[in-house]
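Before any comments, here is the structure.
Where a number appears in this text, it was derived from the coordinates with a stated rule and is not lab data. Since the structure is predicted, the reported quantities are computational estimates derived from the model, not experimental observations. Backbone-built Cβ (ideal geometry, glycine too); neighbour counts: all protein chains shown.
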Amino acid sequence: MRARVMAQVYRQYWRVNVLTTLEYRENFLLWFAFTFVYHGTAIAALAIVLHQFPAMNGWDFRDMAFLYAMWMMSHALHNTFFSAVGDIPEHVREGEFDRFLIRPLDPLFQAITTPGQIFPDELMLALATFIAATIYSGVTVNLLFVVFVPLIWIGGALIDLGFNLGISTVAFWFIRVDTLRWIVLQLEQEFTRYPISIYTRGVRLLLAFVFPFAFMNYFPAAYFLHKTNLGLNVPPAIGLLTPVIGIVFASAAYLFWRFGLNKYQGVGH
Amino acid sequence: MVRVFLLRTVWTALYAHNAAPANLPLHAIITYSTVALLMGLVLDIDQTRLLHDKLHDGSIATDFMKPINVPLYFFSDGTGEVLFHATLIVPSLILALVLVHLDVPDPGALAVFFVSFLLGYLVGLCLNFILNCTAFWTLEISAVQLIVTWVTDLLGGQLVPLVFFPAALQPVLAFLPFAAMFSTPLLIYVGRIPPSGWAAALGVQFAWFVILAAVSIVMWRAGARRVVVQGG
């Protein structure tokens, strides 16, 4: 019963999203152009640099394009389905969150299904980029690739969700978390763009086991590209663990969210 | 600050396994990117955002009734904000000098760098003002503005020095207003533009400033008239 209601709500949520997008067509096109330019400049910058310097720790532009596409796909998947989690601090500040609490559905579910102007445009762009990068990088596409890559995307999206939810939960105490979110996003961009073997050992360990950005793209990409020197003493197959890491990380964030929810006392509206 | 370190790591990794290209040695490129980052803290501010906001909520109408020069009011508001941000950069700058061992050019080049930076800032100011003026017609410009910021960062040489771009593109890029914002002051700073080239480089920047300032004035007049027609 509860599941059926949730499925209905979810369907309505996407209906409203699509209708909103159709209503504000020009604005949608402009934001799509922005997404395009955003990823375009990033890839162009990589191309220019690696045109001058043939390789970075054994990774050439073909490898880096695949690395980027891997991250882009997970990130787009997260943005498409969970970006509304990032609006929770605003709901808290405006007092709208209190309304979520007295409704009969799970507050997190309500937050995820707050309609906006979400459309799977970034996801399509990411998919196209990923296919292009896969062909360009010459990765062997076998059964293992076909089975694991989608799971890795989902795992990567869950890692992103873990960060997003964790930061949003901090808003229960601090109300405003825009700066924190901006910093984490900046770091995510930097840390997922290059092979982590360029960083010092401490940073590598941090990226692998504390803030698992390395599982979003570095480890999986290194596995499929047959890189042997990972920069850490781990077997290459660790890249296939991304789905597990994603579930663990998102679950940890969820526990933190439940904890924050229990402490939450409103902001005094 | 963290980003300064990341920049250094990335460029160090690139230089470690490859021959230094385009006669920009490692310490020069680190200096270049660090100064670029610090410049970005000032240049990426949208100084004339207030205009856009006021068009959005309509309060621009009452500003027109006040006995003030409205564009100048926006500029002074923006300048105040920029100066505030500039003071925030000072501690980062000192840290960067100490930790990353930035190259410091001789006083002459440093002085020309600041003149060039100021011109670059003015070019950026006009570009932003023109963008915000388009809000007279379209009201919503956030996406366009972000696009312009990213394009500026790339084509202006903030992300990657323009000398690394394909040779065919370089002459074109050098004459775009984006290069006038970032690349020119930076190349003066790291000494890639020799003293004999200073006058020409500053001339191009100044030319862009004059052109964009003229466009700003035209846009502003046209926009202001439109508000009057609508009755505010």
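From the square roots a ≥ b ≥ c of the eigenvalues of the alpha-carbon gyration tensor of region A:107-217, which class results: rounded (a/c under 1.5), prolate (a/b over b/c), or oblate? Working shown, then result.
Working: a/c = 2.16, a/b = 1.29, b/c = 1.67.
Because a/c hits 1.5 or more and a/b fails to exceed b/c, region A:107-217 counts as oblate.
Taking the square root of 5 times each eigenvalue of the Cα gyration tensor, what semi-axes in Å does the equivalent ellipsoid of region B:138-190 have, largest first? Could you put the intermediate results ahead of the total?
Values: eigenvalues 110, 28, 16 Å².
Here the semi-axes work out to 23, 12, 9 Å.
Along the charge dipole of the protein assembly as shown, which of B:ALA168, A:ALA45, B:PHE75 sits closest to the positive end, that is, farthest toward it, with unit charges on the beta carbon of Lys, Arg, Asp and Glu (+1, +1, -1, -1)?
A:ALA45
For region A:79-119, what class follows from the C-alpha gyration tensor (a ≥ b ≥ c being the square roots of its eigenvalues): rounded when a/c is under 1.5, otherwise prolate if a/b is larger than b/c, else oblate?
On the way: a/c = 2.39, a/b = 1.47, b/c = 1.63.
Oblate shape, in that a/c is at least 1.5 and b/c is the bigger or equal ratio.
How far apart, in nm, are two points set 7 Å out from the Cα along the Cα-to-Cβ line at B:SER142 and at B:LEU118?
Between B:SER142 and B:LEU118, the label points sit 3.6 nm apart.
Note down the magnitude of the dipole of region A:143-257 about its Cα centre, charges +1 on Lys and Arg C-beta and -1 on Asp and Glu C-beta and zero elsewhere, to the nearest 20 debye.
Numbers: 6 positive and 4 negative charges, 40 e Å.
Its charge dipole is roughly 200 debye.
How shielded is A:44-53 by partner chains, expressed as the average number of their Cβ atoms within 10 Å of its Cβ atoms?
On the way: counts 5, 6, 2, 2, 9, 7, 3, 5, 13, 11.
Average per residue, whole number: 6.
Dividing the alpha-carbon Rg of the protein assembly as shown by 2.2 N^0.38 Å yields what? Don't jump to the answer; show the numbers that get you there.
Values: Rg = 24.6 Å, N = 501, 2.2 N^0.38 = 23.4 Å.
Rounded to two decimals, the normalised Rg is 1.05.
What per residue convex hull volume, in Å³, comes out for chain A when only alpha-carbon positions are used? Each step should come with its number before you reach the end.
Details: hull volume 39.0 nm³, N = 269.
Measuring per residue, one finds 145 Å³ for the Cα hull of chain A.
Return the lysines within reach of B:LYS54: Cα separation strictly under 23 angstrom, same-chain partners fewer than 8 residues apart disregarded; answer none if there are no such residues.
Of all the lysines, those that pass the test against B:LYS54 - Cα under 23 Å, at least 8 places apart if same chain - are B:LYS66.
Any idea what the dipole of region B:36-174 comes to, in debye rounded to 20, about its Cα centre with Lys/Arg Cβ at +1 and Asp/Glu Cβ at -1? Write out the running numbers ahead of the final one.
Working: 3 positive and 11 negative charges, 30 e Å.
Dipole of region B:36-174, to the nearest 20 debye: 140 debye.
Specify the inter-centroid distance of region B:161-212 and region A:1-76, based on alpha-carbon positions, in whole Å.
32
Averaged across A:198-206, how many Cβ atoms of other chains sit within 10 Å of each residue's Cβ atom? Spell out each step's value before the answer.
On the way: counts 8, 5, 2, 0, 0, 3, 0, 0, 0.
So the per-residue partner count for this stretch is 2.
Please report the relative contact order for chain B, taking Cα pairs under 8 Å with a sequence separation of at least 6, and give it as a percent rounded to a whole number.
On the way: 212 pairs, mean separation 63.4, N = 232.
Dividing the mean separation by the residue count of chain B yields 27 percent.
Using the Cα gyration tensor of chain B, with a ≥ b ≥ c the square roots of its eigenvalues, what is the shape: rounded (a/c below 1.5), prolate (a/b larger than b/c) or oblate (neither)? Present the calculation step by step, with values, prior to reporting the outcome.
Working: a/c = 2.21, a/b = 1.97, b/c = 1.12.
Cα axes put chain B in the prolate bin.
Under the rule of -39500 (n - 2.57) per DSSP H run of 4 or more residues, summed and divided by the residues of the protein assembly as shown, what mean residue ellipticity at 222 nm is obtained, to the nearest 500 deg cm²/dmol?
Numbers: 25 runs with 371 residues, N = 501.
Estimated from H runs of four or more residues: -24000 deg cm²/dmol.
Calculate the dipole size of region A:173-228 relative to its Cα centre from +1 charges on Lys and Arg beta carbons and -1 charges on Asp and Glu beta carbons; express the result in debye to the nearest 20.
On the way: 6 positive and 3 negative charges, 25 e Å.
Magnitude of the dipole: close to 120 debye.
Going from the alpha-carbon gyration tensor of region B:26-89, what semi-axes, largest first and in whole Å, does one get by taking the root of 5 times each eigenvalue? Don't jump to the answer; show the numbers that get you there.
Details: eigenvalues 238, 24, 12 Å².
Here the semi-axes work out to 34, 11, 8 Å.
Could you let me know the centre-to-centre spacing of region A:133-149 and region A:167-225, using Cα atoms, in angstrom?
24
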